[in-house]
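Since the structure comes first, as structure tokens, the remarks are kept for the end.
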Amino acid sequence: MTISLKRGAFPNTRLRRMRANDFSRRLMQENQLGVNDLIYPMFVCEGSGDRQTISSMPGIERLSIDLMAKEAKLLASLGIPAIALFPVVGAEKKSLFAEEAYNPNGLAQDAIKAIKDAAPELGVITDVALDPYTTHGQDGIIDDKGYVLNDRTTETLCMQAEAQANAGADIVAPSDMMDGRIGAIRSTLENAGHINTCILSYAAKYASAYYGPFRDAVGSAGNLKGGNKYTYQMDPANSNEALHECALDLAEGADMIMVKPGMPYLDIVRRVKDELAVPTYAYQVSGEYAMHCAAFENGWLDKNAVMMESLLAFKRAGADGILTYFAKDVALLLNN
Ligand code: PBG
């Protein structure tokens, strides 16, 4: 018996035609992930010849400056455009006013110099926030009730950003969420002659529980204890507020905008890109990395495939680049 379908019972449009062959699948691909999209976050620790594992972030280490300089050369040779630097200082360097943040010979500043010496072509992005340097783990200076003081904190952030730029940072990245700090930092940098030092503003930074492993990595988790950052980081419930934040920071002189965390906030990336049309970045944060790693280690997900898919999603959402702890793995994979 032959089955004959009447004309008109066929679909006119068969989207599967274009999916039938590898060449046509490649031709119609709308987004691509490349090495140029990657920013690698790195943790620098004191000492020399030291590398420390971080239990909640498999494959990521705290490196002393000498080892970090070597690693920087490798990253540059892989074609990774930039790294984001996070210092991990000893308890004796932490204080209520975070003076260590602007020490010209502090750990972060020395690391910047060493990386720029070792791999001048590698962009260095520095974190502007006081949490690595405060005894209480908050991003700013607190009053006697524990409230983070906006304008007092901003003064210190300006000194920190200037110290980083003096040391050779290419991009300073305020992740503290104080009001008005982008404008203040911009004028500090201009006055100091750093007219070409870019500002990447963590404008849409949410008060997220996904930062847990990072706080372990920088050793601020214990200090923060039961504390939280709700009075300055954004409520995960909000979306319009993110656009408001971004618009203000751009008006104050931000060159680039960061959305953070990443995967749970790709709707925000899309809105920022569509409505503001500026260089837009997103951070696949430590908790996102940790949960992927847990599934990979259990054999529940295929590492390479899921890693690439997760990052392609950022591109599809409109991100121009992605901060990700997978950056080195991805670059190795793309380089073959
Ligand atoms: C703090 C800072 C945080 C991260 C980067 N900078 C954590 C926080 O706000 O407590 C998190 C990054 C990550 O989770 O990977 N200035």
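Within the set Glu162, Glu190, the sole residue that is more than 11 Å from the ligand (Cβ to nearest atom) and without any contact (Cβ under 8 Å) to a residue 24 or more places away in the chain turns out to be Glu190.
For the stretch 78-100, filtered to residues that are among the β-branched types (Val, Ile, Thr) and either in contact with a Gly (Cβ under 8 Å, 6 or more places away or on another chain) or at pLDDT below 95 (or both), the residue that is farthest from Met68 (Cα to Cα) is Val89.
What do you reckon, is Pro264 under 18 Å from Leu323 (Cα atoms) and within 16 Å of the ligand (Cβ to nearest atom)? The answer is yes for Pro264. Checking each residue in the stretch 200-231 for being farther than 18 Å from Leu323 by Cα, more than 9 Å from the ligand (Cβ to nearest atom) and hydroxyl-bearing (Ser, Thr, Tyr) picks out Tyr230, Thr231. Restricted to strands (runs of 3 or more DSSP E) entirely inside the stretch 49-105, those with at least 2 residues that are more than 15 Å from Thr126 (Cβ to Cβ) are 51-53, 61-64.
Selection over the stretch 13-48 of residues that are part of a helix (DSSP H, G or I), farther than 27 Å from Leu323 by Cβ and of a type in the set (S, T, N, Q) gives a count of 1. Checked against the criterion of being closer than 30 Å to Ala69 by Cα, within 15 Å of the ligand (Cβ to nearest atom) and at pLDDT 95 or above, the candidates Ala118, Ala173 yield just one match: Ala173. Being under 16 Å from the mean Cα position of the chain (by Cα) and either free of Cβ contacts under 8 Å to residues at least 40 places away in the same chain or away from the ligand (no atom under 14 Å from the Cβ) (or both) holds for only one residue in Gly90, Gly123, and it is Gly123. Only helices (runs of 4 or more DSSP H) whose full extent lies in the stretch 239-336 are considered here, and the ones with at least 3 residues that are in contact with a Leu (Cβ under 9 Å, 6 or more places away or on another chain) and farther than 22 Å from Ile60 by Cβ are 240-251, 266-276, 303-317. Considering the stretch 307-330, and only residues there that are touching a residue at least 24 places away in the same chain (Cβ under 8 Å) and surrounded by fewer than 20 Cβ atoms within 10 Å (Cβ to Cβ), the residue that is nearest to the ligand (Cβ to nearest atom) turns out to be Asp329. Among the residues of the stretch 151-169, those identified as surrounded by fewer than 18 Cβ atoms within 10 Å (Cβ to Cβ) and acidic (Asp, Glu) are Asp151, Glu155.
Give the number of residues within the stretch 278-298 that are β-branched (Val, Ile, Thr) and within 16 Å of the ligand (Cβ to nearest atom). Counting residues in the stretch 278-298 that are β-branched (Val, Ile, Thr) and within 16 Å of the ligand (Cβ to nearest atom) gives 1.
Under the condition of being crowded, with 17+ Cβ neighbours inside 10 Å and in a helix (DSSP H, G or I), the residues counted in the stretch 184-203 number 5. Scanning the stretch 105-154 for residues that are closer than 16 Å to Thr197 by Cα and of a type in the set (Ser, Thr, Tyr) gives a single hit, Thr126. For the stretch 136-183, the tally of residues that are charged (D, E, K, R) and part of a helix (DSSP H, G or I) stands at 5.
Within the stretch 204-236, the set of residues being of a type in the set (A, V, I, L, M), modelled with pLDDT under 95 and either over 21 Å from Gln284 (Cβ atoms) or assigned to a strand (DSSP E or B) (or both) comprises Leu224 only.
The values are calculated or read from the model by the stated rules, or taken from the named source; none is laboratory data. None of these values were measured; they are calculated from a predicted model. Note that each Cβ is placed from the backbone with ideal geometry, even for glycine, and that neighbours are counted across all protein chains shown.
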